[in-house]
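To start, the structure under review is shown below, and the notes come after it.
What follows draws every value from the coordinates through simple rules; no lab data is involved. Just so it is clear, the structure is predicted and the values come from calculations on it, not from any experiment. Methodologically, a virtual Cβ is constructed for each residue, glycine included, from the backbone with ideal geometry; neighbour enumeration extends over all protein chains shown.
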């Protein structure tokens, strides 16, 4: 009974601290504790929160990995893993909503945030295409392909065909490197050039190609590759 009273008191103190400043003064493991409290009852969840951070590195990585990877951590069941992934979905939707409100180039930080949330910690390579209208607002964001651990295939004509079907006037390419290193390979550069040539022939602008790593992002436009 004493242990139970302690846990309940500790949980209530965490809630009160969060409400006071929306978590600004809380450590990462405490924020995770607060989340875990809602799926794991009658148990000290601090060790689980710390194990998640030790295994994956930071909160962004924790919510970014797949459910199966989360469930490999002792104490994390399917319900808890699902709740953690829900955080990723909500954060991604919030960032996407902000991007849709205005010119994509004026909400570039939100685009980076959105891509990082969804792609930085994927275990396989994923290729997405963001299609834009004449005012550079997002029409559609689509996953084109998923590949092996280190490569995926993208077909320039398929990107162009989809852009035409959406009446898109500009495109942003995005893919991740599961290795964590965003440095573009020669294959990445060649593929980008091919897509650019095809889109230019249709008067469609390729704004950028972003490669998402675990800790950093490479922009083809910023580095002079596009």
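Here are a few things to note about the model shown:
- Counting DSSP beta bridges with both ends in the chain, the antiparallel % (nearest 5): 70 percent
- One chain, two ends: residue 93 and residue 31. Fully extended at 0.36 nm per residue, the span grows by 20.3 nm beyond their Cα-Cα distance.
- Packing rank of 120-127, 66-73, where each peptide gets the mean count of other beta carbons within 10 Å, highest leading: 120-127, 66-73
- For the chain, the longest principal axis of the C-alpha atoms and the axis of helix 156-165 are separated by about 90°.
- Using alpha-carbon coordinates, inclination of helix 2-21 to the longest axis of the chain, degrees: 40 degrees
- Alpha-carbon gyration tensor eigenvalues x 5, square-rooted, for the chain, Å: 40, 18, 14
- Normalised Debye scattering of the range 123-219 at q = 0.12, 0.14, 0.18 Å⁻¹ gives log10 I(q)/I(0) of -0.35, -0.47, -0.78, counting only Cα atoms as equal scatterers and leaving out solvent.
- Secondary-structure-derived ellipticity at 222 nm for the chain, considering helices only, amounts to -15500 deg cm²/dmol, per-run term -39500 (n - 2.57) for DSSP H runs with n ≥ 4.
- Against the chain, whose longest principal axis comes from its Cα atoms, helix 186-201 is set at around 60 degrees.
- Taking the range 35-55 and a reference point 7 angstrom along Cα→Cβ of residue 19, the backbone N atoms nearer than 19 Å belong to 35-39.
- Gyration tensor over alpha-carbon atoms, the range 2-90, equivalent ellipsoid semi-axes in Å: 21, 16, 11
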